[in-house]
Amino acid sequence: LHIKLEGMTALHVNWNTINKNQINSIDLTPTSITGAMVGLHSKFSLFTTQRKITNWVNEPLMAIIPGVTLSRLWNNISIFDNTLMIISILVLLVGFTGLLISLFMSLIQRKRELALLRTMGAHPSHLFRLVSLEALLICIAGVSFGLLLLQLIGFFFKPFLEDQFGLIL
């Protein structure tokens with residue numbers, strides 16, 4: 001977004017304290033410039049120009065190259081991102097293990113019930129559908145509870161995260 005310097009100055013005026021008669025008399029001439037974007041015709045002069053601006057003796061300036069700076073930022077964040085990915089995979093494995101254990105315990109507890117259904121003439125595919133339906137219901141309940149918990153946590157921590165860290169959920 002490119003705007004005039006007067007427009008940038010106007011953004012910082014407290015318009016609530018100004019009368020309608022004073023609007024045209026406000027001096028919007030900027031008193032200082034805190035940043036500028038410089039475009040170069042040659043990519044080869046990029047680092048030379050950056051060094052000249054950064055080492056300028058008359059004024060303490062800092063020249064950054066957005067692509068290089070963002071690359072460094074993503075390299076620093078990638079360690080954190082990879083750590084979160086590993087934690088997510090471990091949580092997923094623990095969840096699947098818990099689901100498997102609950103289904104296995106359910107089968108052990110229902111061993112006599114399944115044997116009784118089998119002796120009464122239930123087909124093995126019928127028993128398989130019953131166990132599969134139970135597993136599906138457990139998964140749906142777990143996912144629903146997880147999503148509800150995520151929404152509740154997001155609802156309660158959203159103002160805190162926005163105020164303290166500027167994170168918008």
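Laboratory data are not the source of any read-out in this text; all were calculated from the coordinates shown. Everything quoted here is computed from the prediction, not taken from an experiment. Note: ideal-geometry Cβ built from the backbone for every residue, glycine included; neighbour counts use all protein chains shown.
Of note:
- Rounded to whole Å, sorted largest first: equivalent-ellipsoid semi-axes of segment 80-126, Cα gyration tensor: 39, 10, 4
- Relative contact order, percent, the chain [alpha-carbon distance under 8 Å, six or more residues apart]: 9 percent
- Calculated FRET efficiency for the pair His123/Leu148, C-beta based, R₀ 35 Å, to 0.05: 0.40
- Restricting segment 61-169 to trypsin sites (Lys or Arg not before Pro) in coil, as DSSP defines it, with at most 16 other Cβ within 10 Å: Arg110
- With Cα atoms, 0 to 90° folded angle of helix 124-165 axis to the chain main axis: 20 degrees
- Spin-label model, Ile87 to Ile168: label points 7 Å out along the Cα-to-beta-carbon direction sit 2.5 nm apart.
- Dividing the convex hull volume of the alpha carbon atoms of segment 86-169 by its residue count gives 110 Å³ per residue.
- Here is the P(r) of segment 40-114: all C-alpha pair distances, binned every 5 Å from 0, give 3, 12, 9, 11, 9, 7, 7, 6, 6, 5, 5, 5, 4, 3, 3, 3, 1, 0 in whole percents.
- Taking the longest Cα principal axis of the chain as reference, the axis of helix 66-109 is set at about 10 degrees.
- A viscosity of 0.890 mPa s and a temperature of 25 °C, combined with the Kirkwood radius over Cα pairs in Stokes-Einstein, give a translational diffusion coefficient for segment 60-104 of 181 µm²/s.
- Just checking the listed ones, Ile89, Ile26, Ile138: in the Gaussian network model of the chain with Cα springs under 10 Å, the one fluctuating most is Ile26.
- Kirkwood Rh (inverse of mean 1/r, distinct Cα pairs), segment 1-49, angstrom: 13.8 Å
- Three semi-axes of the equivalent ellipsoid, the chain, Cα gyration tensor, whole Å, largest first: 65, 26, 13
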